[in-house]
1. Only helical DSSP H runs with n ≥ 4 go in: add -39500 (n - 2.57) per run for the chain, normalise by residue count and round the 222 nm mean residue ellipticity to 500 deg cm²/dmol.
2. Could you do me a favour and compute the accessible area per residue for the chain, 1.4 Å probe, result in Å²?
3. Using alpha carbon centroids, what distance separates the range 31-90 and the range 1-24, in Å?
4. Ignoring everything but the protein chains, give the 1.4 Å probe accessible area of E61 in square angstrom, nearest 10.
5. Leaving ligands and nucleic acids out of the surface, order Y69, Y20 by accessible area at 1.4 Å, largest first.
6. Under a crude label model (7 Å from the Cα following the beta-carbon direction), how far is R87 from L29 in nanometres?
7. Largest first, how would V37, V89 line up by accessible area (1.4 Å probe)?
8. Considering only protein heavy atoms and a 1.4 Å probe, what is the carbon-and-sulfur percentage of the accessible area of the chain?
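The values are calculated or read from the model by the stated rules, or taken from the named source; none is laboratory data. Everything quoted here is computed from the prediction, not taken from an experiment. So basically every Cβ, Gly included, is an ideal-geometry build from the backbone, and we count neighbours across all protein chains shown. Protein only, heavy atoms only, side chains kept; ligands, DNA and RNA dropped before computing areas. Shrake-Rupley method; radii C 1.70, N 1.55, O 1.52, S 1.80 Å.
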Amino acid sequence: MENNRKHLIDRFQVHLGERYGAWCERHGLQKSDEHLVTFMIDQDLIPFAQLQRFAVSNEFEKLNQAAGYHKTQSVTTLAHRFNISERTVWNILKHGGTGNGKQH
């Protein structure tokens, strides 16, 4: 089973690299990490909900560390910043969103 997984990952990387190269060429861009992420989002390889969870969770951590905000202040700030409801922010924080693929 592990061998099949490795083969699948290897093929995914080959196809991703080929399509990414063509995408960069078509858009007149140099290959970069930033452009690779944009390409993956454009190709729907990273679901919007995952982007939202990752961004909100990481911004929440930064707000709490840098500004010393209380949780409620941070949630309100993030809701305004990302134009989402406070309830959505609370749900993201409650269920995790660190981007590691595991729900907490």
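1. On the way: 5 runs with 77 residues, N = 104.
Mean residue ellipticity at 222 nm (helix-derived): -24500 deg cm²/dmol.
2. Values: 7980 Å² over 104 residues.
Here the residues of the chain average 77 Å² of exposed surface.
3. First find each Cα centre; the distance between them is then 27 Å.
4. Rounded to the nearest 10, that gives 90 Å².
5. Values: Y69 85, Y20 15 Å².
Largest to smallest exposure gives the sequence Y69, Y20.
6. Here the modelled spin labels are 3.6 nm apart.
7. Working: V37 70, V89 0 Å².
Accessible-area ranking of V37, V89, largest first: V37, V89.
8. Details: 4200 of 7980 Å².
Taking all protein chains in place, the chain shows 53 percent carbon and sulfur surface.
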